[in-house]
Amino acid sequence: MAITIIQERKKQRYMALALAAIIFAILLVVWLGFSKKKETALPASAPAVYAIPKIDIDLDFLRKPLRVDSPYLAVELIASPASVTIGQKIDLTVNVFGLIGSTPFAYKFDCDDDGEYEKVAEGVYERTYTAAKICDYQKKGEYTAQVLVEGEFKYFTGESEGATQKESKKAFAKITIKDPNANPIISSCDVSPISGSTLIDSKFSFNVLANDPDNDKLLYFWDFGDGATQNISNPTHQYKVPGNYFPFVRVFDLTKEGEKKGGGASCYPSSLFILKDLRIFEEIPPFEKEFGRKNPFTPY
């Protein structure tokens with residue numbers, strides 16, 4: 001604030017000097033104009049010396065009043081993170097604002113607004129202070145954490161000795177505690193048939209059975225191993241190139257906004273072996289000649 005006031009005063013001085021220079025230039029031009037007149041043009045009764053007319057300029061409109069305020073205190077509390085699951089630690093950060101000078105403060109943190117402080121820090125000059133991993137909740141619900149900031153201000157009250165004023169302010173932060181997320185559980189996944197061909201009408205049917213302990217909506221992601229994917233639970237797929245493939249499925253649980261909550265679960269059905277285009281088997285003609293030995297104990 002002091003720097004701002006100094007800058008304002010400098011700005012006012014520069015404006016006043018500029019205005020004074022303009023006025024001086026105007027007066028100089030007027031004076032030169034009068035001095036160049038011929039004496040014969042002057043009236044007989046005119047005095048020998050002319051006085052320059054006085055111009056009064058009020059520069060008060062360029063000035064701004066200097067403002068002096070009483071000390072005041074403002075406090076902000078931030079919980080990070082503000083939404084966690086049971087057992088996760090939470091940081092509380094307090095920010096102090098206002099005309100407070102170099103006053104030390106006492107910071108008192110209360111995680112669940114029960115009047116018992118989880119941490120007290122006294123004689124702190126920092127205006128931003130973090131109580132790391134201070135709050136730990138074991139039940140889900142909505143909680144209100146708070147901080148009490150206390151300090152003393154020394155200031156003048158018109159008396160020579162001045163005065164000391166104690167000041168305290170509270171700030172609050174809302175915290176949401178949720179149950180830990182449970183990933184989906186896959187009961188089974190399968191494919192039928194487990195071998196086939198690249199014929200156009202050769203289709204493979206995939207299926208997966210899964211559920212979520214939290215009853216969240218599920219997202220299915222099938223990867224068929226050939227670069228193709230689908231996002232339904234029981235898709236069908238055709239392969240265009242012969243070879244061995246290793247399809248798999250991942251199941252994710254979703255938030256109400258449709259975002260993934262956890263790491264999901266995976267399942268790999270039976271590996272597939274894709275044959276080349278199948279041909280109809282030709283019937284082998286019967287072998288009419290006799291073969292083998294009539295008498296197993298002789299060469300004939």
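A few remarks follow.
- Residue satisfying all of: in the stretch 1-38; farther than 27 Å from residue 100 by Cβ and in a loop (DSSP other than H, G, I, E, B); modelled with the highest pLDDT among these: 36
- Within the stretch 141-152, the set of residues being surrounded by 14 or more Cβ atoms within 10 Å (Cβ to Cβ), closer than 19 Å to residue 87 by Cβ and without any contact (Cβ under 8 Å) to a residue 60 or more places away in the chain comprises just one member, 143.
- Selection from the stretch 62-87 of residues that are at pLDDT 90 or above and under 19 Å from the mean Cα position of the chain (by Cα): 76, 77, 78, 79, 80, 81, 82
- Count of the stretch 194-218 residues which are over 30 Å from residue 89 (Cβ atoms) and touching a strand residue (DSSP E or B) at 6+ places or on another chain (Cβ under 7 Å): 16
- At least 3 residues being over 30 Å from residue 262 (Cβ atoms) is the threshold, and among the strands (runs of 3 or more DSSP E) wholly inside the stretch 76-157 those reaching it are 89-97, 105-110, 119-124, 141-155.
- When residue 170 is tested against (1) outside the structural domain of residue 101 (by TED's automatic domain parsing); (2) under 24 Å from residue 83 (Cα atoms); (3) of a type in the set (D, E, K, R), just one condition goes unmet, and that condition is (1).
- Single residue of the stretch 114-139 satisfying the filter (of a type in the set (D, E, K, R) and within 27 Å of the chain's Cα centre (by Cα)) that is surrounded by the most Cβ atoms within 10 Å (Cβ to Cβ): 136
- Residue 133 vs. criteria touching a strand residue (DSSP E or B) at 6+ places or on another chain (Cβ under 8 Å), over 24 Å from residue 73 (Cβ atoms) and in the same structural domain as residue 80 (by TED's automatic domain parsing): yes
- Failed condition for residue 169, given (1) under 30 Å from residue 141 (Cβ atoms); (2) at pLDDT 95 or above: (2)
- Screening residue 100 against (1) in contact (Cβ under 8 Å) with a residue 40 or more places away in the chain; (2) closer than 30 Å to residue 267 by Cα leaves a single unmet condition, (2).
The values are calculated or read from the model by the stated rules, or taken from the named source; none is laboratory data. Values in this document were obtained by computation on a predicted structure and should not be read as measured data. Because the Cβ atoms are built from the backbone with ideal geometry, glycine has one as well, and the counts that use them run over all protein chains shown.
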